[in-house]
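Just so it is clear, none of the values below were taken in a lab; they were calculated from the coordinates. In this text, all values refer to a predicted model and were calculated from it rather than measured experimentally. A quick note on method: Cβ atoms are made from the backbone with ideal geometry, for glycine too, and the neighbour counts reach across all protein chains shown.
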Amino acid sequence: MTERLTPRTILLLTLPPLLWAGNAVVGRLLHDMLPPVLLNFLRWALAFCFLLPLAGSVFRRETGLWRYWRQYAALGLLGIGMYNALQYMALQSSTPINVTLVASGMPVWMMLTGWLFFGVPVSRKQVAGAVLSIAGVVLVLARGEWRHVLELRLVAGDLFMILATIAWSLYSWLLLRVKEPAAIRANWASFMLAQVAFGVLWSGGFALAEQAVGAMPVHWSWALAAGLLYVATGPAIVAFGCWGAGVRAAGPAIGSFFVNLTPLFTAVLSSAILGETPHTYHAAAFALIVGGIVISARR
């Protein structure tokens, strides 16, 4: 039997990869409309505006937020200020296939981060689950033919994605260590807004630095507005809220395996948008990824 995995937890950890798959597609569509770091800032600035009416009371002195502001500032830096900014930067120079392949190493980085910085032991079953899950991701990226893997070449964008993956690993482990005053714990929107408030400051500073070094101009359009609206709601607010609840229930190591569903969902979405018929290797990859999740979660 699995450990700490319930139907509710599985749903919480499966929904974010689906929404993040859409984020990757939209991010690629918008990459020539505005600079990547500015895209990240606008995304979270909109998310902040959406969350403020729901949980604006979190900024009151009695909530306890300011007592632990350093922890929420760290979460805002890693999960909001850095992760997606680096991902959008990666999509500027690297192919979606390469970016997704680099991100598929999440279980390995998650285990290494937990072991190096938080003293969490790594079991053999976690290692076996990581190998099995990554094999499923590679099968999707290779489109069922392993020879395609040999054609992949790492570029600067792939290095950005490695940094993004490490930042996300640290963010996920810190979710378990952050102090949550009762007023913040009682409302998911409060916990989310506490992070976003600091994340907007970080991403805003990074966006200013991007403009200072000479970024591309913004090409405003209704398509850009629609894209910003999507990335600010589904992949940001809903996905981050579900991820936080799922990680606290199942742990970062197990949660990292669910991230590997993202490239599978991306392939399915691409098939739906382009009118392509799903192939047999999609089902095989799904079995490998889910198998890795189950093995890593077993006692």
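Working note: 222 nm ellipticity from helices only, DSSP H runs with n ≥ 4, each -39,500 (n - 2.57), summed and divided by the residues of the chain, gives -23000 deg cm²/dmol to the nearest 500. One decimal place: the segment Thr233-Ser57 gains 61.3 nm when fully extended, by the rule 0.36 nm per residue minus the C-alpha distance. The value of relative contact order for the chain, using C-alpha pairs under 8 Å at least six residues apart, is 43 percent. Counting other Cβ atoms within 10 Å as a rough exposure proxy, the listed residues Thr113, Thr6 run Thr6, Thr113 from fewest neighbours to most. Selection among Leu193, Leu175, Tyr88 by position relative to the dipole of the chain gives Leu175 as farthest towards the positive end (Cβ unit charges, Cα centre).
Farthest towards the positive end of the charge dipole of the chain, among the residues Leu51, Gly205, Val268, is the Cα of Leu51, using unit charges on the Cβ of Lys, Arg, Asp and Glu. Take 180-189, 28-37 and order them by the average number of nearby Cβ atoms within 10 Å per residue, most first; the result is 28-37, 180-189. Placing +1 on the Cβ of every Lys and Arg and -1 on the Cβ of every Asp and Glu, with no other charges, gives the chain a dipole of roughly 980 debye about its Cα centre.
Does region 152-233 classify as rounded, prolate or oblate by the C-alpha gyration tensor (a ≥ b ≥ c root eigenvalues; a/c under 1.5 gives rounded; else a/b over b/c gives prolate, otherwise oblate)? It is oblate, given that a/c is not under 1.5 and a/b is not larger than b/c.
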